[in-house]
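Here, each number is a calculation from the coordinates, and none is a lab measurement. Being a predicted model, the structure only gives us computed values, none of them experimental. Virtual Cβ from ideal backbone geometry, glycine too; neighbours counted across all protein chains shown.
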């Protein structure tokens with residue numbers, strides 16, 4: 001049996017720029033040296049819980065772990081209790097971080113890497129079957145679950161996306177991302193895709209609109225912005241106007257049509273959405289202002305059999321079950337109805353929480369909001385709660401606006417106005433956070 005190896009980068013020249021980091025260009029020769037410097041220092045363990053927040057340090061650590069023939073564990077959050085639980089579940093793991101205030105087994109220091117002189121070295125290719133990462137779901141639909149990702153699968157998924165967005169032929173100089181690399185979406189789009197397509201990774205803070213603008217401008221060329229609806233709404237509200245964004249890619253949450261139009265007008269660009277899940281990665285795209293139909297990547301197919309929906313693709317060994325409710329148009333196209341876990345039935349009528357959230361977001365004055373079916377309620381006899389951020393609006397005004405588009409059976413009881421929602425770094429709302437929030441308000 002032939003063992004297949006795949007490269008970790010498309011960079012072919014030592015002078016090629018891999019990243020913009022700490023105000024300087026990191027060339028391929030520097031990057032390879034940094035990776036090998038870390039490889040020699042990593043402990044002899046099987047799993048590395050990769051908590052690096054700096055995107056470049058995460059990149060170096062991620063590849064170093066692969067070269068060391070180890071596996072990256074990528075948690076949904078950095079909560080100490082979660083990390084301790086992961087360490088217990090994965091015997092032989094160690095914590096790898098760039099935060100000196102965090103208890104860890106291996107501390108990656110930026111200043112130490114910057115002092116290392118570049119050497120002429122080749123980066124080792126990785127076995128396609130090697131388990132590169134275990135990515136944990138966000139918990140937005142329940143308990144966080146692990147998903148095994150082999151290097152061959154990640155490589156193929158990235159290659160399909162590169163082809164879809166013509167990243168190796170289009171006029172794209174850099175990728176700027178607001179999503180953390182520990183998330184499946186952030187890992188592929190902000191780490192693996194730019195590596196394989198030899199596009200610069202802008203490794204700068206991107207929490208606020210001003211940060212994003214600085215990161216985009218530092219690329220000195222056309223950039224692709226990898227982000228979420230929450231970040232895009234903040235950019236639009238801030239009045240940001242950029243002319244060097246080639247296009248925007250969004251995922252992790254629904255994209256309201258009005259927001260998509262505003263983004264294209266204000267940022268003078270095109271906006272695309274990626275459809276996927278931690279279980280199977282990204283598989284389809286659509287132009288948000290034009291399409292309700294999702295188009296699968298080239299070489300993929302969607303089909304229905306035995307009452308279930310399946311995906312087929314070169315990145316999968318077997319057919320993959322889709323845990324969303326979709327309407328198949330043909331083998332390459334589908335419309336998303338909602339997640340199978342967010343379909344609810346009240347008074348004999350069905351609707352999805354995704355649809356309700358979309359209607360909520362479309363209300364003028366609503367900045368953020370979510371419908372929530374508490375854990376103790378059955379989805380076919382749900383008591384709906386809505387958490388809403390709507391500065392300047394009263395509860396009565398929000399309810400009045402809801403009644404114009406939402407049937408009485410699905411109106412929230414209660415509706416809770418808030419200053420902000422407890423979204424995580426990818427813009428998602430873990431079920432546990434919403435449940436805790438509701439219980440705390442009930443106590444008060």
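See the values below:
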item: Added length on full extension, which subtracts the Cα-Cα distance from 0.36 nm per residue, residue 257 to residue 44; result: 71.7 nm
item: Prolate/oblate/rounded label for the stretch 89-132 (Cα gyration tensor, a/c 1.5); result: oblate
item: Three principal axis lengths of the stretch 150-191 [C-alpha, angstrom, descending]; result: 28, 24, 11
item: Potential extension, residue 13-residue 306 segment - 0.36 nm per residue separation minus Cα distance; result: 100.4 nm
item: Burial ranking of peptide ranges 174-185, 28-39, 225-236 (average Cβ count within 10 Å, highest at the top); result: 174-185, 225-236, 28-39
item: Protection proxy ranking, peptides 162-169, 314-321, 353-360, average beta carbon neighbours within 10 Å, highest first; result: 353-360, 162-169, 314-321
item: Sites residue 53 and residue 81, calculated FRET efficiency, Cβ-Cβ separation with R0 25 Å, nearest 0.05; result: 0.85
item: Rg followed by Dmax, in Å, when the chain is reduced to its Cα trace; result: 22.1, 69
item: Ranking of 135, 337 by count of other Cβ atoms within 10 Å, fewest first; result: 337, 135
item: Principal-axis tilt of helix 151-164 within the chain, Cα atoms, nearest 10 degrees; result: 70
item: The stretch 343-443: radius of gyration over Cα atoms, expressed as a fraction of 2.2 N^0.38 Å; result: 1.01
item: DSSP beta bridge pairing in the stretch 343-443, given as percent antiparallel to the nearest 5; result: 75
item: Neighbour-count order for 393, 107, fewest beta carbons within 10 angstrom listed first; result: 107, 393
item: Separation of the residue 418 and residue 265 label points, Cα + 7 Å toward Cβ, nm; result: 3.0
item: Residue exposure sequence - 404, 329 - by fewest surrounding Cβ within 10 Å; result: 404, 329
item: Stokes-Einstein D for the stretch 273-363, Kirkwood Rh over Cα pairs, 20 °C, 1.002 mPa s (µm²/s); result: 151
item: Fraction of antiparallel bridges per DSSP, the stretch 5-291 only, in percent to nearest 5; result: 35
item: Contour minus Cα-Cα distance for residue 409 and residue 238 (0.36 nm per residue); result: 57.9 nm
item: Estimated inter-spin distance, residue 163 and residue 6, nm [label 7 Å along Cα→Cβ]; result: 1.2
item: Choice from 15, 76, 277 showing the highest fluctuation, given a GNM over the chain with Cα pairs closer than 10 Å; result: 15
item: Computed FRET value (nearest 0.05) for residue 432 with residue 349, which takes r as the C-beta separation and R₀ as 22 Å; result: 0.20
item: Selected from 401, 219, 133 as most flexible by GNM, with the chain as the system and alpha-carbon contacts under 10 Å; result: 401
item: Computed FRET value (nearest 0.05) for residue 114 with residue 317, which takes r as the C-beta separation and R₀ as 25 Å; result: 0.05
item: Choice from 391, 209, 194 with maximal GNM fluctuation in the chain (Cα, 10 Å cutoff); result: 391
